[in-house]
Amino acid sequence: MKKLLLPVFSLILASVFLIGSAGAVYIEQAQPVMPEITAYVHDEAGELAGLTAKDVSATLDGVPLTVEGLGKSSQGIYYVFMLDISASVSEPYLNAAKEAILRIYDGLRPEDQLAFITFGEAVNVLFTGNDDPETVRSTIDSLVCTDMETHFYDAVKTLVETADKKDGMRKLAVVVSDGIDNGSSLTKSELEEVLRLSGVSVYALGVDFAGQEALDDFSAFVELTGGVLYTFAPDSASSAMDKLTECLADTWMLTLSAPTNEADGELHRLKISFGEAGEAETAIRPKKSIPDNTIPYILSIDADRASGTIRVSFSENVLGADDTSVYSLVSPSGAKGTFSSAVINGSELSLSSEDIASGGWTLEIGSGITDSSVQRNPLSPFSYELFPGDTFSEPEELISQDIKNTFMIPVIALAVLIVLVILFFVLRKKARIDKPEKSGKAKKEKEQPLPRQTVQFYFNEDEKK
């Protein structure tokens, strides 16, 4: 005789708080691949109609998340069907269940996939998705219920392991069983740990002959994972499966983004507020992350002289920005200012400095700031003129005697240079006046005119005589 499985399930699952809030709006499941978190939400009363992402807020352990989008889910679904083939399930029920499962399989969209697991004395994974359709149909048709034990605990573990291999799809488990276990190698405490890691919603088709107590416990189990139990008889299995698929179709997908892609494998509480439509919460255990190769950068810098504050906005949450030694205030003359505090709140930094009350300053940001991702991408060194075009007037206390002396050195040097230039030209002029003339280059004395000579011309011999 099988032992009843479910009196322990409420205690197990309540202890790991894998439960959405009771009410018309509840979380079916949440899939974290950090920093992205996808939550699937059921809205039984239609209260989410007309809401947008701006109307929703969410936190993870109290830390605000960014709401990226909200809409009716059209994402591909990864169905994991688990069929009980123990002898307690009679042939009419088995045949009705097989027919209902094949109806789901034939109605899959191109983006959907179906995995198939049987459990009785053993747990067998028959298909994992993208299998040959004829092979799937013939295999399911050939199943019979002959096993004398029901290893339900072991099947749950296999279900979780199978679903965990798929990313980017909504993951749903559909169990066809009477909800009773005997013979599993997995203990109750081990099952608790498996469920803590899963985050997979479990829906169920329960045989109506199992007894009200067993069905109530089975229902409590699937509801605690975000699913719903539908009972069926041989002549109502198809209609029960139709109701299940209608429930699956009426789902909203909420896309969230966390400040970091860290996936620590620990339990964290996810809380979502839908305004007047209510709140819902569940737990997630992030184990996967998307690598972050984006370097953080500065979006804006705003300085206020009156309050002595400098506000810096980064492109993402950063670490190390609360260390004042990372920053420098430099005046045009080279004087250094000081900071009294540096406060970082996510991606918003507030620096305090009384020195910026007067004069122009350049803010220099050195190394030591990284984003908050697992990769710790560093911020590049950066400088920014706080008050461009302003006349600089330094507080007297910031000007040391060394800096004053530094200002005097070029002034004195320039004065000396001017004196030397003037002296050079004076001496050069004097040298030209006093310089003796070298031999061979002396000016020739002015020649004296020769005595005038008389020349007589004779035109005939007589005159000559």
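Each value in this text was obtained by applying a stated rule to the coordinates, not by laboratory testing. Small disclaimer: the values here were computed from a predicted structure and weren't measured. Counting neighbours? That spans all protein chains shown, and the Cβs are built from the backbone with ideal geometry, glycine included.
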Point to revise | Relative compactness, the range 106-166, computed as alpha-carbon Rg over 2.2 N^0.38 Å | key: 1.21
Point to revise | 5 Å-binned pair-distance histogram of the range 169-308 (Cα, whole percent) | key: 2, 7, 12, 15, 15, 13, 11, 8, 5, 3, 2, 2, 2, 1, 1, 0
Practice item. Evaluate 2.2 N^0.38 Å with N set to the residue count of the range 263-337, then give the Cα radius of gyration divided by it. Key: 1.79
Review point. What is the sum of charges around ILE422, taking Lys and Arg as +1, Asp and Glu as -1, for the other residues whose C-beta is under 12 Å from the C-beta of ILE422?
Key: +2
Check your understanding: Non-local amide H neighbours of GLU28 (under 5 Å, H modeled in plane, Pro and chain starts lacking H): which ones?
Key -> TYR40, VAL41, HIS42
Study note, to complete from the structure: Once amide hydrogens are built 1.01 Å from N within the peptide plane, the residues lying 5 or more places from GLY359 or on another chain with amide H under 5 Å from its amide H are SER393
Revision key, fill the gap. One checks the Cα atoms of the range 79-231 and finds Rg and Dmax, in Å, of 14.5, 40
Study note, to complete from the structure: If each K or R counts +1 and each D or E counts -1, the residues other than ILE298 whose Cβ falls under 12 Å of its Cβ total -2
